[in-house]
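The structure under discussion appears below in the form of structure tokens.
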Amino acid sequence: MNLLIKNGRVIDPSQGIDDTLDVLVENGLVKEVGKGLKAPAGAETIDAAGKYVVPGLVDMHVHLRDPGLEYKEDIVSGTRAAAAGGFTSVACMPNTKPVIDNKAVASYIIAKARAEGVANVFPIGSITYGSHGERLAEMGELKESGCVAVSDDGKPVVNSELMRRALEYARGMGILVISHAEDLSLVGEGVMNEGFTSTELGLKGIPSAGEDIATARDVMLAEYTKSPLHVAHVSTRGAVRIIREAKARGVQVTCETAPHYFSLTDEAVRGYNTNAKMNPPLREADDVAAIKQGLKDGTIDAIATDHAPHHIDEKDVEFNVALNGIVGLETSLPLSLKLVEEKVLTLSQLVEKMAGNPAKILGIDRGTLKAGAVADITVIDPAAEWKVDAEMLASKSKNSPWLGEKMKGGAAYTILGGKVVFKR
């Protein structure tokens, strides 16, 4: 558990560090960050010259499908995919079978992750029992059992009174509410973004207004109840504008986007590509530009993958019946590094959005290399070139729109509590 990482470009926004330094790890904790550090006897040494050494990446939005849907993914395969992508911590959404709406399910996930996983797993409980949107789950029990937030992700809380009460109770319990912002009456039978491409393809469209209206409602409820709110998977320019204006008014709102929303447009659906079908759907070029601007100006606090594994039998079907979602843990880092190349973000800002901010929003003690912190560390090789090959993906599911494409950049080492759990 003793380790010396030498000669890397250490980037830690929590301490304002961006310099060529060494990181010394002892007994699973960060002992020191500085120049010319010496390794104690028996310590492993990693030469990180030409690489970035950053706090372990934190993905605040994944679907591990365990319990109940292990044919798509489980805690073992999901955390291996996380480690391969450079993530040392993931927060898993509650739409499992059974739903994470009680202590037993949350405790099972935490125990299995500790025993068999290669990343920290923080469960997110459901806002309502069974995520049915009818009555509130026991938030106090969920928090006590280790849940770091509550969400009915995959489904919006349609009843505004219920969402109001959820925000009020959650504030009292000190647990975060994560909103899935979607107006189902506008979505209807839509299967992709409503626009020129959907019209050409003859597919029913989902208007961006559906996300905007639901975002506005939840932001207004957060403002009214003076409660913190986090908005998941922001994909539209309207939602970015609403959140930006709310932040300027002092509303306690944070939000995330996913790499597919700043890397792809709805043009990716052409050919009826079901690996480009997700919820919210891929949007238009103007939305992509707004997402990038939101990342740049700080409106969007975090980058999360919304890793959503599905079996090939659920994707290799007609577009209308294919399930929503893509795997994202292993492609997130190279896609996000492009934002630095494009000068949307500095490297320090990117690390903040992929490590420091998600940890802060969820209230977990990760995302820093301060002395005494748990030694969760990601060593990034910005020059690594690799191909997205279905056989090479650690995830059980292979539903990625980037299959066969070349990527640049990735985790060279993923270190969990001072122990190397992934090496490229």
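The values are calculated or read from the model by the stated rules, or taken from the named source; none is laboratory data. Quick caveat: nothing in here was measured; it's all calculated off a predicted structure. Positions of Cβ are backbone-derived with ideal geometry, glycine not excepted, and every protein chain shown enters the neighbour counts. Only protein heavy atoms, including side chains, enter the accessible area calculation; ligands, DNA and RNA are left aside. Shrake-Rupley method; radii C 1.70, N 1.55, O 1.52, S 1.80 Å.
Here are the numbers:
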quantity	calculated
Simple spin-label estimate for K343 and T45 in nanometres, 7 Å along Cα-Cβ	3.9
Ordering of 228-241, 95-108, 410-423 by packing [mean C-beta count within 10 Å, highest first]	228-241, 410-423, 95-108
Percent accessible area from carbon and sulfur atoms, the stretch 302-350, protein chains only, probe 1.4 Å	52
All-pairs alpha carbon distance profile, the stretch 169-258, 5 Å steps from 0, percent	3, 14, 23, 21, 16, 10, 7, 4, 2, 0
Between the stretch 149-183 and the stretch 53-83, the Cα center-to-center distance that results, in Å	23
Integer Hz, Karplus 6.51/-1.76/1.60 couplings in order for the stretch 152-167, x for Gly and Pro	9, 2, x, 9, x, 7, 5, 6, 5, 5, 5, 5, 4, 5, 4, 5
Per-residue ³J(HN,Hα) for the stretch 78-94, Karplus 6.51 cos²θ - 1.76 cosθ + 1.60, θ = phi - 60°, Hz, x for Gly and Pro	x, 6, 5, 5, 4, 4, 5, x, x, 8, 9, 9, 9, 10, 9, 6, x
Fraction of beta bridges assigned by DSSP in the chain that are antiparallel (%, nearest 5)	50
Distance cut-off 22 Å, percentage of C-alpha pairs in the stretch 244-378 lying past it	45
Cβ-derived FRET efficiency at R0 22 Å, V317 paired with H132, nearest 0.05	0.25
Cα centroid separation, the stretch 305-336 to the stretch 213-241 (Å)	25
Relative contact order computed over the stretch 56-362 (Cα-Cα under 8 Å; 6+ residues apart), in percent	17
Scattering curve values for the chain, log₁₀ I(q)/I(0), Debye with Cα scatterers, q = 0.06, 0.13, 0.14 Å⁻¹	-0.22, -1.11, -1.29
Calculated from backbone phi, Karplus (6.51, -1.76, 1.60) coupling profile of the stretch 284-292 in Hz, x at Gly/Pro	9, 4, 5, 5, 4, 4, 5, 4, 5
Spacing of the two label points (7 Å from each Cα toward its C-beta) at K97 and Q15, in nm	4.7
Entries in K97/K226; K112/K398; K143/K204; K247/K277; K38/K406 that, when Cα-Cα distance is taken, lie over 28 Å	K97/K226; K143/K204; K247/K277; K38/K406
Extreme residue, positive dipole direction of the chain, given options V321, L350, S131 (C-beta unit charges)	L350
Carbon + sulfur, % of accessible area of the stretch 31-181 - ligands and nucleic acids excluded, 1.4 Å	49
The chain, helix-only ellipticity at 222 nm - DSSP H runs n ≥ 4, -39,500 (n - 2.57), divided by all residues, nearest 500	-8500 deg cm²/dmol
Paramagnetic label zone (point 7 Å from Cα along Cα-to-C-beta, N27; backbone N under 15 Å) in the stretch 394-424	418
Segment K296-E144, length gained on full extension (0.36 nm per residue, minus Cα span)	51.1 nm
On Cα atoms only, tilt of 237-248 relative to the major axis of the chain in degrees	70
Per-pair calculated FRET efficiency, R0 = 30 Å: K35 and R424 via Cβ, rounded to 0.05	0.70
The chain, accessible area per residue, ligands and nucleic acids excluded (1.4 Å, Å²)	39
Residues listed by number, the stretch 90-119, amide nitrogen under 20 Å from Y71 label point at 7 Å toward C-beta	95-99
Percent RCO, i.e. relative contact order, over the stretch 85-187, from Cα pairs under 8 Å lying at least 6 residues apart	26
Dimensionless Rg/Rh of the stretch 55-207 - Kirkwood Rh, Rg from C-alpha atoms	1.03
Modelled FRET efficiency - R0 30 Å, A289 with W386, Cβ distances, 0.05 increments	0.60
The stretch 1-49 - share of DSSP beta bridges that are antiparallel (%, nearest 5)	75
Amide H contacts under 5 Å for A384, placed H, 5+ residues apart	G409, G410
Surface share of carbon and sulfur [accessible, 1.4 angstrom probe, percent] for the stretch 213-252	60
